[in-house]
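Written out below as structure tokens is the structure these notes cover.
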Ligand code: S3P
């Protein structure tokens, strides 16, 4: 079955969704969209400020509105915030809007990648033991991320390698119309 020309990258913080998404969009000549960025532009503040000033519930309600924006966009690669997939309705809508790819990362690699800019991660910045929190969150989230159409491990790869692997699979299985 052919999917609409929309690739949706899901997964935990530090999985490489943004960098892989950018690389894949270039390879496909598609637009690259990032849901956190859309929410930041709309609210004229960054994710950290939104969590601090408006709270997580507000942020999650903004994430739901992103779906409408995705629906109205053409050929695109979309990186979605790590928590957006946790909502069942969001998940079901995204699964019908495009081909959903889980970028899977180990807790240790996620920690290595996010610790440089921990201040930009509202769910981890305030915790005493961020690696333990990552493990705890991943344990709950991984079984849900698993419902994506496909999965790629990103631990020992850079974003260009992952983007190329995704492209190969897209072509091999004629998942979307690339003409
Ligand atoms: C979140 C992940 C972040 C951002 C917010 C919440 C999460 O996005 O949406 O800090 O709940 O996992 P990235 O996954 O792009 O880092």
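Just so it is clear, none of the values below were taken in a lab; they were calculated from the coordinates. Since the model is a prediction, treat every value here as computed from it, not as a measurement. Cβ placement follows ideal geometry from the backbone for every residue including glycine, while neighbour counts extend to all protein chains displayed.
Values for this structure:
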read-out	value
Relative exposure of 144, 166, judged by other C-beta atoms within 10 Å (fewest first)	144, 166
Ascending count of other beta-carbon atoms within 10 Å, so fewest first, for 94, 124	124, 94
Potential lengthening between residue 142 and residue 52 on full extension [0.36 nm per residue; Cα-Cα distance subtracted]	29.8 nm
Rough spin-label spacing in nm, given labels placed 7 Å along Cα→Cβ, for residue 31 and residue 157	2.7 nm
Label zone at residue 115 (point 7 Å along Cα-to-Cβ), backbone N below 20 Å, segment 145-163	154-158
Helix-derived mean residue ellipticity, 222 nm - over the chain, DSSP H n ≥ 4, -39500 (n - 2.57), to 500	-16000 deg cm²/dmol
